[in-house]
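**Student:** Questions regarding the structure given below will be posed in turn.
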Amino acid sequence: MSDFRVLSATMFASPQISPEDLLNAANEGVTLIINNRPDGEAPEEPQGAEIEAAARAAGLDYVAIPIGQAGFSEPQVQALQDALASCDGKALGYCRSGTRSTFLWSLAQAREGVAPDDIAAAAQAAGYDISPIRPAIDMFAAQAKS
């Protein structure tokens, strides 16, 4: 069962998806699937190649930006910014719970100059707490202003 949570007019976050969820995603206007889960993290769950094949078969674009235990890096944030800039529709980011996808989106939004309080409110409305990465969001937002 799909659990797509609205972060913005063009971005959803979700816990782990299955190939069957991709039809629902397409019906919601999603054109890009963003996998933020490293392969092998949960071997019993669908792995990236399976989701990618199903996404492409459904006519959706797919990009993998895995976020592991090492946390977030600027290249990962830039990769998400690039993916979203080339997206012609809505994007759906997923990981185990949707938290890493929300965190990565939040960092990308801050780098784009979106106000941290607005980012936090959007994440909160979707059921995610970004306070663990708020200092990084504040830093990126301050850099975007200068």
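Please treat every number below as a calculation from the coordinates, not as lab data. Only a predicted model underlies this, so the values are computations on that prediction, with no experimental measurement involved. We place every Cβ from the backbone using ideal geometry, glycine too, and count neighbours over all the protein chains shown.
**Student:** To the nearest 0.05, how large is the calculated FRET efficiency for ALA57 and GLN124 if R₀ is 41 Å and r is the Cβ-Cβ distance?
**Tutor:** 0.70
**Student:** Report the Cα centroid-to-centroid distance between the stretch 80-114 and the stretch 22-78 in angstrom, as an integer.
**Tutor:** Taking the Cα centre of each part, the stretch 80-114 and the stretch 22-78 sit 12 Å apart.
**Student:** Under 5 Å between amide hydrogens, which residues at least 5 positions from TYR62 or on another chain qualify, with H placed 1.01 Å from N in the peptide plane?
**Tutor:** Amide H to amide H, under 5 Å and 5 or more residues apart or across chains, TYR62 pairs with ILE33.
**Student:** Report the label-to-label distance for SER73 and GLU112 in nanometres (one decimal), using points 7 Å from each Cα along the Cα→Cβ vector.
**Tutor:** Going from the SER73 label point to the GLU112 one covers 2.3 nm.
**Student:** How far, in nm, would the chain grow between ASP138 and GLU50 when pulled straight, counting 0.36 nm per residue and subtracting the alpha carbon separation?
**Tutor:** Working it through step by step, the gained length comes to 28.1 nm.
**Student:** Quickly estimate the mean residue ellipticity at 222 nm for the chain, helices only: each DSSP H run with n ≥ 4 gives -39500 (n - 2.57), and the total goes over all residues, rounded to 500.
**Tutor:** One gets -13000 deg cm²/dmol as the mean residue ellipticity at 222 nm.
**Student:** How far apart, in nanometres, would the label points at VAL6 and LYS145 be if each is projected 7 angstrom from Cα along the Cα-to-Cβ direction?
**Tutor:** Using points 7 Å along Cα→Cβ, the separation is 2.9 nm.
**Student:** So, one more: Largest first and to the nearest Å, give the Cα extent of the stretch 5-145 along each principal axis.
**Tutor:** 41, 30, 26
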